[in-house]
1. Tell me, what does the Kirkwood hydrodynamic radius of the stretch 25-87 come to in angstroms if you use every pair of distinct C-alpha atoms?
2. How many nm is it between the label spots at N22 and N99, if each spot is 7 Å from the Cα in line with the beta carbon?
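Nothing in this text is a laboratory measurement; each read-out follows from the coordinates by a stated rule. Computed from a predicted structure; not experimentally measured. When we count neighbours, we look across all protein chains shown, and the Cβ atoms used for this are built from the backbone with ideal geometry, even at glycine.
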Amino acid sequence: MFEDNSEETTFDEEQPPEESSNRNFIIGIGILGGIILLSVACLVGYAFFVLPKQTAQRDTQEATAIAQNVGMNVTLTAMQHDVNLSQTPPATFTPLPTNTPLIPDTSTPTATNSVSDPQTATVAAAQTQAAAAIQTITLLPSVTPPPALPQGGIADELGTTGLVVMAIALVAVILLARRLRSAPGTR
């Protein structure tokens, strides 16, 4: 292509400009690296020095609390034992037996609880069971119906048809806005 051209074309090779020093970038990287190393050193120091002391202190507090609870239980048990012993009746003086003759009992015999009639015994047993049942009646809690749901949403006010009409109206607004934007207008 350039064969006819007698002039020799030389292209000046332009040297790209020297890059500016990346000194600010290196300083920024150094600061970020220092922050990372400092945070790692703090985490290691916390894990090896502070955390074991906190764990030992917590264990000591738990052991102290357990010892206090055991001591309190022993004291309360001893106090209750003392109260139980103080409530027993004191010993009374029982006279020694003497050589007095027994006097025969000549009084009339009293009625005993023995029932000779089987029907009366059955009625007495039924009444005893009824009395025991009355004493052990437990009332069941009454069941109340749950409260009604609140009536205050948009679906409750407008109903299903109102929601459908609103949805169609909003779709129509969207389509109308798109049509007006895309229509060529005079400017």
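1. Mean inverse Cα-Cα distance, inverted, gives 16.4 Å.
2. Between N22 and N99, the simple spin-label model gives 13.0 nm.
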